[in-house]
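The values are calculated or read from the model by the stated rules, or taken from the named source; none is laboratory data. Keep in mind that what you see is a predicted model, and the values were worked out from it rather than measured. Please note: Cβ atoms are built from the backbone with ideal geometry, for glycine as well, and neighbour counts cover all protein chains shown.
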Amino acid sequence: MVDERVVRVYRYERSKNGRFEKFSQGRWQYSDRFERAVQDPEFVDISEEEANKLIREFALNFVLETNPSAWPSHCLIPYPVAFDSQIDKLGQALRLANTDPDKGRNIVKSIDSEEMKRWFIDVALKSGAWRAKYSGVSGLDVKNSRQRKVISQKRLEALFERDKWRCRYCGIRIAGNRKHFNKFAKFISMPELVSGRTDESRHGLYLMLMASYDHVKPHSEGGSNDDSNLVTSCWSCQFGKYKYSLKELGLQNPFEREPEALGDWCGLTL
Ligand SMILES: [Zn+2]
């Protein structure tokens, strides 16, 4: 039987729209493997671990390939365009949170959490290391984990506001931070949206739409804790970068692009 996760990624390859279309041109070398994966039962009789590895290799190879000059410079890896319609659904649920929370909850439950989770864990989190590997950045030279000063909730919200509630790197609409998620989950009585202590046990929306802040110039390199050095960042972009600098990963300074609002999206503010 074909691992449903393999099929899921296979569908990415087949998708003909949006960002994936852009990145699919001339990059079909992996489709033969997946034709086989669908048709040849022996080929797909693989362990969960191997399937995970295949998916990671496939997605990273498919979207990024191994040529640094072809990589996007605004973010590590573009998130799947299909997530936008899932976030639209979250927006619908949010509008119903006060008046019809049950309906709101049902809408959130119809969102494909698993697909978002798999993308986050298998692809997004590995994208920085992938870029570092193929751009020849030494693994020995990475910085030590830096000390992050906690910034206040008020300041954080002002930062999200300034950045139009979108990640300054990949542009994904962000929900807010833990406080925003908790409040919304309470409103629609959906504790599973915020439960879980590990990535595997967390909801896909939580992983993909959680926002934090990122120091554009790292603290360890003298970067300040001022707003002029902080940008809103989704977890994918923040943790995907790992300990590498923007330059090491071939990323543009996000301050060179103005944040743009997307509709009336302002996160999970109630
Ligand atoms: Zn992002």
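Here are the numbers:
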item: Search result, residues across the range 236-254 that are free of Cβ contacts under 8 Å to residues at least 40 places away in the same chain and more than 12 Å from the ligand (Cβ to nearest atom); result: 246, 247, 253
item: Pair list, Cβ < 7 Å and 6+ apart or interchain, from the range 113-137 residues that are free of Cβ contacts under 8 Å to residues at least 60 places away in the same chain to residues that are hydrophobic (A, V, I, L, M, F, W, C); result: none
item: Residues (surrounded by 14 or more Cβ atoms within 10 Å (Cβ to Cβ), touching a residue at least 60 places away in the same chain (Cβ under 8 Å) and not small (Gly, Ala, Ser)) located in the range 196-224; result: 199, 202, 203, 205, 207, 208, 209, 213, 215, 218, 219
item: Test: residue in the range 178-195 that is within 16 Å of the ligand (Cβ to nearest atom), of a type outside the set (Ser, Thr, Tyr) and assigned by TED's automatic domain parsing to the domain that holds residue 218; result: no
item: Failed criterion for residue 270 (all others in (1) among the aliphatic types (A, V, I, L, M); (2) under 24 Å from residue 117 (Cβ atoms); (3) surrounded by fewer than 22 Cβ atoms within 10 Å (Cβ to Cβ) hold); result: (2)
item: Boolean, residue 160 is assigned by TED's automatic domain parsing to the domain that holds residue 108 and in contact with a Cys (Cβ under 9 Å, 6 or more places away or on another chain); result: yes
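Listed here are the residues, each with its yes/no results for (1) modelled with pLDDT of 95 or more; (2) assigned to a loop (DSSP other than H, G, I, E, B).
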{"residue": "171", "(1), (2)": "yes, yes"}
{"residue": "181", "(1), (2)": "yes, no"}
{"residue": "185", "(1), (2)": "yes, no"}
{"residue": "192", "(1), (2)": "yes, no"}
{"residue": "197", "(1), (2)": "no, yes"}
{"residue": "200", "(1), (2)": "no, no"}
{"residue": "207", "(1), (2)": "yes, no"}
